[in-house]
Amino acid sequence: MTTEHRTEHRTDPTRRSGTADHPAGVLVVGAGPTGLLLAGDLAAAGVPVTVLERRAPGHGNLSRAFGVHARTLELLDARGLADELVATGHRLRGLRLFRRLSLDLTELPSRFPYLLITPQYEVERLLERRARAAGVRFEHGAEVLAVHQDDGGVSLDVRAADGTVATRRAAYAVGADGHRSAVRTALGLPFPGRSVIRSIVLADVRLAEPPPGLLTVGGTGDAFAFLAPFGDGWYRVMCWDRAGERPDGDPVGLDEVRDITRRALGTDHGMGEARWLSRFHSDERQVPVYRAGRVLLAGDAAHVHSPAGGQGMNTGLQDAANLGWKLAAVVRGSASDALLDSYQAERHPVGAMVLRSSGGIIRLAMAHNALQRALRDALSLAVGHLPPLRRRALGAITGIGIAYPAPRGAHPLTGRRAPDLPLREGRLYEALRAGRFVLVSPEGPADGAADPRAVHVTRTDGGRTTLLVRPDGHVAWAAEGAAAGGRAAALAAWAGTGG
Ligand SMILES: Cc1cc2nc3c(=O)[nH]c(=O)nc-3n(C[C@H](O)[C@H](O)[C@H](O)COP(=O)(O)OP(=O)(O)OC[C@H]3O[C@@H](n4cnc5c(N)ncnc54)[C@H](O)[C@@H]3O)c2cc1C
């Protein structure tokens, strides 16, 4: 690698001499959901990993996601965590976008045909437990200040809680350090975009007259509101008054929440007690490159967008699932460094799509002239009545429809999400728990000799297609029939020397 990305050391009289940390491993910056999933995947693949987290131990992450979509649950299933997470939450089987459009999640072709409402800290708790069990080392109170890289590795300047600064060295580093990412800034990368909504108000409230068990989203003119049940009698309200925007630090009162909700939804659903009230602003931004040499960006460090659609944490977790196996293969030497470029090629367009769709939902909900409202009604009608459009909308919001680019002439399944096929050995997403490529064929290994680069399984659903499934549950290669030619070449191309 020849590109050098360098930032100047900040001078600090308390600097300590450099510490070799994982010369052949990875430093992950940030113990949010993205960093935790990634670190766990790397450690499970045998890569030495340290997570550097600015927060002191025991101080929870303040980000407030509460919805886990079907695709994320599938990825957690591939790590043996989904059922435990599902037990912590409440299943929402429909989404209502605008007054006239309801999406039925039970139509999803997934083991998880719902949106799981559970607090972000439950997701983080399970991911951290898994990461620790896999051998990830955590350093809390460790703030990354600067990034230097050369052909041999990456060095991070890290300030400890006592103010001393030390250098940590690794083969690669990942900035999963949230929307104000110090890693992104240190790389000198821009974060273009804009503030879309100032003064979003959040509250956890009780409702005397709750809406039917759906996620409710609506807006009229200047007011927008979103309601989601936690399933234990509390509701999350997220609302916005375009005409009454205030600075983030302004106090929020329940009357303000009631008033905006009433204007947006036609009723405040008998809003009573609040246990938590907060105000924040929302940006739409995406970094132009997810990779700069030996440093990669994931999660909110790479993209932020409107909270409509509840996709921030989900997209970050999916970034991590895409990156983890690639980075592990490169660090272990079973794939070339060029494999990391596919992280940018696959995940940057997904981030851009999420920016567009979450921004689109909020703009349509806030339609404030006759033309925009007519467009919203026409779209609602079309999506509600045309099954292909509805499937597309469902696929985009839940992540089930996300597919990666395939080479020209490839089998149509290439790049798509592999469904959870029934196997003689169990289910596909159970087979993926090995963290390796899975070769799914109708009759098992054709020549009787299983290639060690993949887990070999036999599908029992009657399908005749042979699939090479990547560790992140996407199809790397497919061909019709059991004795499908090309599988060895596909394994060599994708799973390299390791698998
Ligand atoms: C009100 C609200 C509602 C939301 N609802 C949803 C939802 O329903 N669904 C959804 O998917 N998403 C939702 N989101 C978005 C979601 O919370 C974020 O997308 C998610 O937390 C991003 O995870 P992350 O790991 O990328 O970053 P973060 O969670 O921000 O974690 C970054 C970590 O890096 C650490 N860090 C920062 N700088 C440094 C440094 N210099 N050195 C060391 N460590 C550092 C931070 O302390 C933090 O722990 C919501 C967000 C908000 C605010």
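The values are calculated or read from the model by the stated rules, or taken from the named source; none is laboratory data. Predicted model only: the values in this text are computed from it and were never measured. Counting neighbours? That spans all protein chains shown, and the Cβs are built from the backbone with ideal geometry, glycine included. Accessible surface areas use protein heavy atoms only, side chains included; no ligands, DNA or RNA. Shrake-Rupley method; radii C 1.70, N 1.55, O 1.52, S 1.80 Å.
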- Task: Using a 1.4 angstrom probe, figure out how much accessible area the chain has per residue, in square angstrom, rounded to the nearest whole.
- Result: 40
- Message: I'd like the accessible area for Glu430, computed on protein heavy atoms only with a 1.4 Å probe and all protein chains in place. Round to 10 Å², please.
- Response: 70
- So what is the relative contact order for the range 195-252, in percent, with contacts set as C-alpha pairs under 8 Å and at least six apart? 41
- Task: Give the long-range amide H neighbours of Ile197: residues separated by 5 or more places, or on another chain, with amide H under 5 Å away, using H modelled in the peptide plane at 1.01 Å from N.
- Result: Ser282
- Message: Check which residues have an amide H placed less than 5 Å from His456's amide H, if you skip close sequence neighbours.
- Response: Leu439
- Task: Quote the charge dipole size of the chain about the Cα centre in Debye, to the nearest 20; the model charges only the Cβ of Lys and Arg (+1) and of Asp and Glu (-1).
- Result: 640
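Take every Cα pair under 8 Å in the chain that's 6+ residues apart, average their separations, divide by the length, and report that relative contact order as a whole percent.
Working: 1101 pairs, mean separation 81.8, N = 499.
Here the relative contact order equals 16 percent.
Can you compute the FRET efficiency between Leu386 and Asp255 using 1/(1 + (r/R0)^6), with r the Cβ-Cβ distance and R0 = 45 Å? Round to the nearest 0.05. Before the final figure, lay out each step's value.
Numbers: r = 41 Å, r/R0 = 0.92.
About 0.60, to the nearest 0.05.
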- Put +1 on the Cβ of every Lys and Arg and -1 on every Asp and Glu Cβ in the chain; which of Ala225, Gly25, Met271 then has its Cα farthest towards the positive end of the dipole? Ala225
- Answer rounded, prolate or oblate for the chain, using the Cα gyration tensor with square roots of eigenvalues a ≥ b ≥ c: rounded when a/c is under 1.5, else prolate when a/b is larger than b/c, else oblate. oblate
- Query: Using modelled amide H (1.01 Å from N, peptide plane; none on Pro or chain starts), what sits under 5 Å from the amide H of Val51, excluding residues fewer than 5 places away?
  - Reply: Val28, Arg137, Phe138, Glu139
- Task: Just need the relative contact order of the range 306-403 here, percent rounded to a whole number, with Cα pairs under 8 Å and 6+ apart.
- Result: 26
- Message: Apply the Karplus curve 6.51 cos²θ - 1.76 cosθ + 1.60, θ = phi - 60°, to the phi angles in the range 37-48 and return the couplings in whole Hz, x for Gly and Pro.
- Response: 5, 4, 4, x, 5, 5, 5, 4, 8, x, 8, x
- With θ set to phi - 60° and the Karplus curve 6.51 cos²θ - 1.76 cosθ + 1.60, what are the ³J(HN,Hα) couplings of the range 428-443 in order, to the nearest whole Hz, using x for Gly and Pro? 4, 6, 6, 4, 6, 5, 6, x, 10, 5, 10, 9, 9, 9, x, 10
- Take the solvent-accessible surface of the protein heavy atoms, probe 1.4 Å, and return the percent of it on the chain that carbon and sulfur atoms account for. 54
- Starting from the Cα of Ala345, move 7 Å in the Cα-to-Cβ direction to define the label point; list residues of the range 400-414 whose amide nitrogen is under 14 Å from there. 404-410
- Query: Over what distance in Å are the Cα centres of the range 172-206 and the range 106-151 separated?
  - Reply: 17
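Around Ile362, under 12 Å between beta carbons, what's the net of Lys plus Arg minus Asp minus Glu among the other residues? Before the final figure, lay out each step's value.
Working: positive: Arg242, Arg356, Arg363, Arg376; negative: Glu284.
With Lys, Arg at +1 and Asp, Glu at -1, the net is +3.
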- Item | Helical mean residue ellipticity (222 nm; -39500 (n - 2.57) per DSSP H run of 4+; nearest 500) of the chain | -9000 deg cm²/dmol
- Note on the structure: Taking a label point 7 Å from the Cα of Ala24 along Cα-to-Cβ, the residues of the range 32-54 whose backbone nitrogen sits under 12 Å from it are 47-48
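Can you give the extra length, in nm with one decimal, that the chain gains between Asp104 and Arg262 once fully stretched, where that is 0.36 nm per residue apart less the Cα-Cα distance?
Numbers: separation 158, 0.36 × 158 = 56.88 nm, distance 2.51 nm.
Full extension of this stretch gives 54.4 nm more.
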- Give me the net charge of Leu207's neighbourhood, meaning all other residues with Cβ under 14 Å from the Cβ of Leu207; Lys, Arg count +1, Asp, Glu -1. 0
- Item | Note, ³J(HN,Hα) from phi for the range 89-94, Karplus 6.51, -1.76, 1.60, rounded to Hz, x at Gly and Pro | x, 9, 8, 9, 9, x
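Extension gain Arg424-Ala352, at 0.36 nm per residue separation less the Cα-Cα distance, in nm?
Working: separation 72, 0.36 × 72 = 25.92 nm, distance 3.88 nm.
Contour length minus the Cα-Cα distance gives 22.0 nm.
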- Taking 0.36 nm per intervening residue step and subtracting the Cα-Cα distance, what contour gain separates Leu371 from Ser278 on full extension? 30.2 nm
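If you add up the charges near Glu284, with Lys and Arg at +1 and Asp and Glu at -1, over every other residue whose beta carbon is less than 11 angstrom from its beta carbon, what do you get? If you can, show how the numbers build up before the last one.
Numbers: positive: Arg194, Arg285, Arg356, Arg363; negative: Asp283.
Within the 11 Å Cβ shell, the charges total +3.
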